[in-house]
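All remarks here apply to the structure that follows.
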Amino acid sequence: MNAKLELKNITFSFGNTLAVDKISLKVEEGSFTTLLGPSGCGKTTLLRLISGFLEPQSGEILIDGVNQAGIEVNERKVGMVFQDYALFPHLSVAQNIAYGLNILGSSRKTSFFRTSRRPGDASRDIKQQILDIASSLGIESLLSRFPNELSGGQQQRVALARSLVLKPKILLMDEPLSSLDTKLRTKVREELKEIQQRLKITTVYVTHDQEEALSLSTKIAVLNEGKLLQEGSPREIYFEPKNEFTADFVGKANMLKKGEKKLMIRPEWFEIAPQAQSYEQGLIPADTVLLSGTILAEQFLGSKSRFVIQPDTPDAKETITADFDTIEAENLRVGDKITVRAKKIWEF
């Protein structure tokens, strides 16, 4: 599949601060690519470089194989959805959606821009475009409302409609769900994924939320301190991290040493070990990782319980975090001795 967007050795600095350090990345047509990393890692700067709000100091940005150097923001065929949605409070939903169409040229101005709640006498073509995109996003009944009359999820869809009505080649989204509460964020995330897959629009999404990245993405690019540390499918990033930062940032990770190698074991990869005689009888592989220790803390999480365990090994400085099915672990208490076995291990 051809790359819709390609970044080649992109570098950008704010004064003496290097924000993006020689990043190369391909975004394939119709994919959902997430830039994932902590605050200040360069992900939003990279998004602004793609959109044209900033120009790279070195490297190339190609859309459909065309170098975007010197091409203005409004000519790049790139749509942008901001963190705060940036809706105009004094304009209705229909007027907000029509805004981008209006600024393309005076010949396309419409009476959608009256402050009346009625859509007005917009040209048939413009009006139909607004109705079509509103219908595809399920907000056709909201066209006469104003932003302060909408829920967070409805505002997000209006912001999305305002970008999509311009038929962009690439949709850029900068942490668009961060202002929503947890329950609504989960619901809107599911809606966003369904819309992206249905419309098949190439999307580049910025977030620091690993759960969001894992659930939405075709590809995840993990960034830290301006560098691209790893890219791959959500499963590759989670199960096969290439470095300790990625392992620990994309989910919880226990890091252990085995000679010169480092082992990563996710909390859910542990199980409560069978009785010792099972090992003596050869029922458990001899090379399995066994850890014995004392439970220091317990966190009840509903369907699972998380335990912090201090290993018995004298030189063990770090505690181990293990997740068990709540029913299986219902008799475990802080202070109990426990032996755990790793069902899966990833070696660096």
E236-D336 FRET efficiency (beta carbon distance; Förster radius 35 Å; 0.05 resolution): 0.45
Amide proton proximity set for V81, modelled H, under 5 Å, gap of 5+: L172, M173, D174
Phi-based couplings in Hz for region 226-235 (Karplus 6.51, -1.76, 1.60; Gly and Pro marked x): x, 10, 8, 8, 6, 9, x, 5, x, 5
Exceeding the 20 Å Cα-Cα cut-off - candidates K252/K343; K252/K304; K26/K262; K193/K242; K43/K219: K26/K262; K193/K242
Prolate/oblate/rounded label for region 293-348 (Cα gyration tensor, a/c 1.5): oblate
Mean Cβ neighbour count within 10 Å, used as a protection proxy, ranking 44-52, 29-37 highest first: 29-37, 44-52
Set of lysines with alpha-carbon distance to K127 below 16 Å, sequence-local pairs under 8 removed: K109, K167
Length added when fully stretched, I327-D132, from 0.36 nm per residue minus Cα-Cα: 65.2 nm
Selection from L223, A329, V27 lying farthest towards where the dipole of the chain points positive, charges on Cβ: V27
The chain, accessible area per residue, ligands and nucleic acids excluded (1.4 Å, Å²): 51 Å²
Computed E for L184/T294 - FRET, C-beta separation, R0 35 angstrom, nearest 0.05: 0.30
Surface share of carbon and sulfur [accessible, 1.4 angstrom probe, percent] for the chain: 48 percent
Residue-averaged 222 nm ellipticity for the chain, from DSSP H runs of 4+ at -39500 (n - 2.57), nearest 500: -7500 deg cm²/dmol
Residues E55 and T313, FRET efficiency given R0 of 45 Å [Cβ-Cβ distance, rounded to 0.05]: 0.25
Region 207-223 - phi-based ³J(HN,Hα) in whole Hz, Karplus 6.51/-1.76/1.60, Gly and Pro as x: 7, 10, 8, 5, 5, 4, 5, 5, 7, 9, 8, 7, 9, 10, 10, 8, 10
Equivalent ellipsoid semi-axes, the chain, via Cα gyration tensor eigenvalues times 5, rooted, Å: 48, 25, 15
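The values are calculated or read from the model by the stated rules, or taken from the named source; none is laboratory data. Just so you know, these numbers come straight off a predicted model, no measurement behind them. Here Cβ is always computed from backbone atoms with ideal geometry, including for glycine, and neighbour counts include all displayed protein chains. To get the accessible areas, we keep the full protein, side chains included, count just its heavy atoms, and leave off ligands, DNA and RNA. Shrake-Rupley method; radii C 1.70, N 1.55, O 1.52, S 1.80 Å.
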